Amino acid sequence: MRKVSRKQAPIPKILLGDEARAAREALSNHYRMPANDRRRRSPPLDESIWNTEIVRDALSRVFDSKCAYCESSLMPSVSWSVEHHRPTSEARGFNDRTSSTEHYGWFAYEWENLFPACVECSRHKQSYFPVAGPRAGVRSAWSEAEAVEKALLINPCSSEPRRHLRFWFDGVVSGVNESGLVVPKPRKRRYASYLGEISPAPENLINRNFQAAVPNEKWLTDITEFQIPAGKVYLSPIIDCFDGMVVSWTIGTSPDAELVNTMLDAAIETVAETTDRPVVHSDRGGHYRWPGWLSRMSDANFTRSMSRKACSPDNAACEGFFGRLKNELFYPRDWKNATIEQFIAAVDSYIRWYNEKRIKISLGSLSPIEYRESLGLTA
């Protein structure tokens, strides 16, 4: 990491135009709302403004076609994303006490807050922005935030990285103070499907509203990983917001395109003879941006919706299903002697039981299938 100057490129015109001004005004209105109302809604963000070629080209000039954090090459053939140094929501510190759900959406369109990041750095950084001491006030100016906050994530445009990092002859980089030690890589790398902005992301149509008046109106999907002594297993389900029923699911040992595409094929079959065409919401993983997924969604006339980057609350209902499954099946048992096949069978049996027998208070103490039957609906 080396210090760079943004004077190498002018501020992209799109960040100064009418579209950006309207987007900033929408954000200002959001942050003017009472805090309790504001926290129940996502900041209105238009990613098309900062994900344009003009912004990417300007960032490439400023950072000499290198990642702002690790300096790996960002050639045209390499996937990379426009990263927010101060995240647009869910700013995370080293613990809950230093994290904030309020920060820093109002900086979404600020030129000083946009950085080019390779896939690995984007994946590790996510919404981390630790500070020592208090965070800047909501809607504060960029200069005020820079002056008030003691940010622990190095900004190569305003800090001298060599004051915080030591570069050894063998290529190893180590921190010499607290700013050089932030965002450590985990000892065990967790599964992450994010591969950068490899294709345009659709709008977040769900916007954390997980209520549905009828079946097959809103579907949620994601992938979760299980680590057992015999190896890793991945589950890819589709959850119906109407009653939490698992519409379809696949379980395998590789989080590849086949895992999600097979699941989607099975889900499409459940509505093939109906007029139902659900909104399908996912995170920003590569699986949901590859040609196989896109063509299936288009052919089925389904509508895509995506969470914001590294914002798990945008898909909280699906995450909630994973939490229940792991608390009720995975964590209480000892899988030391289980084979991969036995574990897959156990997860499959749990999901069938979940749909058919597991009661939910919100459904009148009925299971999802029983609830649909009580309404005269075909499960």
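The table below gives the values:
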| quantity | calculated |
| --- | --- |
| Test: residue in region 321-343 that is closer than 19 Å to Glu217 by Cα, modelled with pLDDT under 95 and assigned by TED's automatic domain parsing to the domain that holds Ser254 | yes |
| Test: residue in region 98-117 that is surrounded by fewer than 16 Cβ atoms within 10 Å (Cβ to Cβ), of a type in the set (A, V, I, L, M) and more than 14 Å from Ala68 (Cβ to Cβ) | no |
| Helices (runs of 4 or more DSSP H) enclosed by region 1-81 - at least 2 residues per element that are within 24 Å of the chain's Cα centre (by Cα), surrounded by 13 or more Cβ atoms within 10 Å (Cβ to Cβ) and in contact (Cβ under 8 Å) with a residue 40 or more places away in the chain | 18-32, 47-50, 53-62 |
| Residue tally, condition charged (D, E, K, R) and over 30 Å from Ala316 (Cβ atoms), over region 20-70 | 7 |
| Count of region 249-290 residues which are within 22 Å of Glu341 (Cβ to Cβ) and either among the acidic types (Asp, Glu) or in a loop (DSSP other than H, G, I, E, B) (or both) | 5 |
| Test: residue in region 358-375 that is under 18 Å from Thr250 (Cβ atoms) and at pLDDT 90 or above | no |
| Qualifying position, being of a type in the set (Ser, Thr, Tyr) and closer than 21 Å to Ala22 by Cβ, among Ser60, Ser122, Ser81, Ser89 | Ser89 |
| Condition met for Arg304 (assigned to a helix (DSSP H, G or I), surrounded by 14 or more Cβ atoms within 10 Å (Cβ to Cβ) and basic (Lys, Arg)) | no |
| Residue within region 208-228 that is within 21 Å of Phe322 (Cα to Cα), at pLDDT below 90 and not charged (D, E, K, R) present | no |
| Region 102-154, residues that are without any contact (Cβ under 8 Å) to a residue 60 or more places away in the chain, part of a helix (DSSP H, G or I) and touching a strand residue (DSSP E or B) at 6+ places or on another chain (Cβ under 6 Å) | Asn113 |
| Residue within region 290-301 that is in the same structural domain as Leu259 (by TED's automatic domain parsing), surrounded by 15 or more Cβ atoms within 10 Å (Cβ to Cβ) and under 26 Å from Lys360 (Cβ atoms) present | no |
| Selection within region 206-230 - under 20 Å from Asp243 (Cβ atoms) and either among the aliphatic types (A, V, I, L, M) or without any contact (Cβ under 8 Å) to a residue 12 or more places away in the chain (or both) | Ile206, Asn209, Ala212, Ala213, Val214, Leu220 |
| Verdict on Leu366 being in the same structural domain as Glu225 (by TED's automatic domain parsing), in contact with a strand residue (DSSP E or B) (Cβ under 9 Å, 6 or more places away or on another chain) and free of Cβ contacts under 8 Å to residues at least 60 places away in the same chain | yes |
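Residue-by-condition table, conditions (1) in a helix (DSSP H, G or I); (2) in contact with a Pro (Cβ under 7 Å, 6 or more places away or on another chain); (3) hydrophobic (A, V, I, L, M, F, W, C):
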| site | (1), (2), (3) |
| --- | --- |
| Leu325 | yes, no, yes |
| Pro332 | no, no, no |
| Tyr350 | yes, no, no |
| Ser362 | yes, no, no |
| Leu377 | no, yes, yes |
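The values are calculated or read from the model by the stated rules, or taken from the named source; none is laboratory data. Keep in mind it's a predicted model, so treat the numbers as computed, not measured. Every residue, glycine as well, gets a Cβ built from its backbone with ideal geometry; the counts of neighbours run over all protein chains shown.
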